[in-house]
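Chemist: Quick one: the structure is below, questions incoming.
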Amino acid sequence: SAFAAPLSPTFTACHDATDPDSKEIDCCPPSATAADITDFVPTAPSVIATRPAAQLVDSTYLKKYKTAIEKMRNLSSDDPRSFTAQANVHCAYCNGGYYQDGYADSQLLLDVHNSWLFFPFHRWYLYFFEKICQNMVDDDTFALPFWNWDNPPGMFLPTIFNDSSSPLYDSLRNPSHLSTVLDLSYEGTDSTDSTITVIKNNLYLMYKQMVTQSTTPLSFFGKTFRAGETSDPGAGSIETSPHSNVHRWTGDPNESHGEDMGSFYSAGRDPVFYCHHANVDRMWSLWNSLGGQNFTDSDWLNSSFYFYNEQAKPVKVYVKDCLDTSVLGYTYQTVDIPWLNSKP
Ligand code: C2O
C-alpha cells in the first residue's frame, strides 16, 4: 500500500477489546504516557538461561517455577507484572485493544496473529514474562519450560500443570485430555487412532510444517503486515498447525469459546500457555538452525511492540532486537528431534 511502513500499536491509547461474544472487555495494561516509555536497549546478558523441556524438570526447578507463578498470581491486578495483567497482554494485542499508530482515525486494528508479527510478538511476550518470573524468585538463571509436543515424551499435557493444588493449574481445560496423547492436528474431534498412530502422524505433521511447508520466510512466519493494512493477512505454517490445534486441544469444550486456551482473549490465563509458546518459539530457533532465513524487510525489522518489564516500567521493543535468543539471554535444552527423520 502507499502507506507501507512498520507497525506499532497505539499503546498509550489502549481501549476496550472485544470478546468472542462481541462484548467489550477491558484488558488494557496500566496507562502509560509517552514520557514513561523507554526503548529496549539490547545488552550482553550476564547469563544464558536454559529453557528446559517440561517433561524433564526436577523438583527443585518445579518448586521455583511454582513460586514465581504464585507470586505473580498474588500481585494486585493493577500491577503489570501480575499474572492477571500478563494474561491480559494477550487479550489486548489479539482482541482489538490497539489501533495501528498513525491510523487512529481509520481505527485500523493491530492484531498480532495470522501474519509475520506472530513469532516476534510472542517471543517478546515470553521474554518479559520470563524476566518477571526471574525477578519473583531472584534468579536470573530461571527459564520457562517448553511443552515439547514435537517429541513423543512431550505429547501429553505436561504433568506439572495437572496438579489441582498448584499455581500452575487451570480448571478450564478439556477434562478428557488430561492424560491422553496430544493430537497435533486436533480440530475439535478426538481421534480414534491408537496412541502409536497419533504419535507417528504428529511426527509427520512436524516434518511437513517445519520442512516441506517452510521453505521461505513467508511460508514459515506468515504474510506481510504493514501499517495501514488490515489485520490477519494469513498465518505461517507453524502458527496454523500445530500451534492453533494445541490451543484448541487444551481448552475446555464445555465452555462457550473453548476457554481458556481455546480463545485469544482467555488463552494467557492458563499457565500452560507460556509453556506452549516456549515450544512455538523454539520452533523458530530450530528453523533457523536448519537454515531458515529471517525476513530482511525493514517493515518487519522495525515493527514494534510495548510491554511492561520486570521493574513494572513500559518498554518499546523492535522485531530486529529479538532475532538472536542469546542476545535475549536464553537458549533451549537440547532434546531429540525425531521428526527430522519423519519425512512422510
Ligand atoms: Cu497469541 Cu498461541 O497465540
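The values are calculated or read from the model by the stated rules, or taken from the named source; none is laboratory data. Please read these numbers as outputs of a predicted model, since none were measured by experiment. Glycine gets a Cβ as well: all are built from the backbone with ideal geometry, and neighbour counts include every protein chain shown.
Chemist: What number of residues in segment 65-118 are within 16 Å of the ligand (Cβ to nearest atom), of a type in the set (Gly, Ala, Ser) and over 19 Å from the mean Cα position of the chain (by Cα)?
Modeler: Qualifying residue count, segment 65-118: 0.
Here is a yes/no grid of residues against (1) surrounded by fewer than 23 Cβ atoms within 10 Å (Cβ to Cβ); (2) modelled with pLDDT under 95; (3) within 14 Å of the ligand (Cβ to nearest atom); (4) small (Gly, Ala, Ser):
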| position | (1), (2), (3), (4) |
| --- | --- |
| Lys200 | yes, no, no, no |
| Ser219 | yes, no, no, yes |
| Gly222 | no, no, yes, yes |
| Gly228 | yes, yes, no, yes |
| Gly268 | no, no, yes, yes |
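Chemist: Same structure, new question: Criterion first (touching a Lys or Arg at 6+ places or on another chain (Cβ under 9 Å) and outside any loop (DSSP other than H, G, I, E, B)) does Tyr204 satisfy it?
Modeler: On the way: touching a Lys or Arg at 6+ places or on another chain (Cβ under 9 Å): yes; outside any loop (DSSP other than H, G, I, E, B): yes.
Considered against the rule, which asks whether it is touching a Lys or Arg at 6+ places or on another chain (Cβ under 9 Å) and outside any loop (DSSP other than H, G, I, E, B), Tyr204 comes out as yes.
Chemist: In addition: Take Asp299 and decide whether it is of a type outside the set (S, T, N, Q), without any contact (Cβ under 8 Å) to a residue 12 or more places away in the chain and more than 21 Å from Pro152 (Cβ to Cβ).
Modeler: Numbers: of a type outside the set (S, T, N, Q): yes; without any contact (Cβ under 8 Å) to a residue 12 or more places away in the chain: no; more than 21 Å from Pro152 (Cβ to Cβ): yes.
No; evaluated as a whole, the condition is false for this residue.
Chemist: Picking from Glu229, Glu239, which residue would you name as being more than 20 Å from Trp147 (Cα to Cα) and acidic (Asp, Glu)?
Modeler: Working: Glu239 fails: more than 20 Å from Trp147 (Cα to Cα).
Going through Glu229, Glu239 in turn, the sole match is Glu229.
Chemist: Which one of these is among the acidic types (Asp, Glu), within 16 Å of the ligand (Cβ to nearest atom) and more than 15 Å from the chain's Cα centre (by Cα): Glu310, Glu259?
Modeler: Details: Glu310 fails: within 16 Å of the ligand (Cβ to nearest atom).
The conditions single out Glu259.
Chemist: Tell me which residues, restricted to segment 12-54, are of a type in the set (A, V, I, L, M, F, W, C), assigned to a helix (DSSP H, G or I) and either in contact with a helix residue (DSSP H, G or I) (Cβ under 9 Å, 6 or more places away or on another chain) or without any contact (Cβ under 8 Å) to a residue 12 or more places away in the chain (or both). Quick ask: steps written out before the conclusion?
Modeler: Within segment 12-54, the subset of a type in the set (A, V, I, L, M, F, W, C) is 13-14, 17, 25, 27-28, 32, 34-35, 37, 40-41, 44, 47-49, 53-54.
Filter once more, keeping what is assigned to a helix (DSSP H, G or I): 13, 34-35, 54.
Answer for segment 12-54, where residues must be of a type in the set (A, V, I, L, M, F, W, C), assigned to a helix (DSSP H, G or I) and either in contact with a helix residue (DSSP H, G or I) (Cβ under 9 Å, 6 or more places away or on another chain) or without any contact (Cβ under 8 Å) to a residue 12 or more places away in the chain (or both): Ala34, Ala35, Ala54.
Chemist: From the list Asp297, Asp281, which residue is within 16 Å of the ligand (Cβ to nearest atom) and either under 20 Å from Tyr93 (Cβ atoms) or not small (Gly, Ala, Ser) (or both)? Before the answer, list the steps.
Modeler: On the way: Asp297 fails: within 16 Å of the ligand (Cβ to nearest atom).
So the residue among Asp297, Asp281 that is within 16 Å of the ligand (Cβ to nearest atom) and either under 20 Å from Tyr93 (Cβ atoms) or not small (Gly, Ala, Ser) (or both) is Asp281.
Chemist: Follow-up question, since we're still on this one. Here are the criteria: (1) within 15 Å of the chain's Cα centre (by Cα); (2) in a loop (DSSP other than H, G, I, E, B). Tell me which single one Thr141 does not satisfy.
Modeler: Unmet for Thr141, out of (1) within 15 Å of the chain's Cα centre (by Cα); (2) in a loop (DSSP other than H, G, I, E, B): (1).
Chemist: Is it the case that segment 319-340 has a residue that's closer than 30 Å to Met72 by Cα, within 16 Å of the ligand (Cβ to nearest atom) and not β-branched (Val, Ile, Thr)? Give the derivation first.
Modeler: Just the residues of segment 319-340 that are closer than 30 Å to Met72 by Cα, to begin with: 319-335.
Checking which are within 16 Å of the ligand (Cβ to nearest atom) leaves us with 319, 322.
Cutting the leftovers down to not β-branched (Val, Ile, Thr) gives us 322.
The answer is yes; a qualifying residue exists.
Chemist: Only residues that are among the hydroxyl-bearing types (Ser, Thr, Tyr), buried (at least 18 other Cβ atoms within 10 Å of the Cβ) and over 26 Å from Arg248 (Cβ atoms): list them for segment 273-318, please.
Modeler: Ser303, Ser304, Tyr306, Tyr308, Tyr318
Chemist: Which is of a type in the set (Ser, Thr, Tyr) and either surrounded by fewer than 21 Cβ atoms within 10 Å (Cβ to Cβ) or at positive phi (or both), of Tyr98, Tyr65, Tyr103? So that I can check it myself, show each step before the final result.
Modeler: Details: Tyr98 fails: either surrounded by fewer than 21 Cβ atoms within 10 Å (Cβ to Cβ) or at positive phi (or both); Tyr65 fails: either surrounded by fewer than 21 Cβ atoms within 10 Å (Cβ to Cβ) or at positive phi (or both).
Unique residue meeting the criteria: Tyr103.
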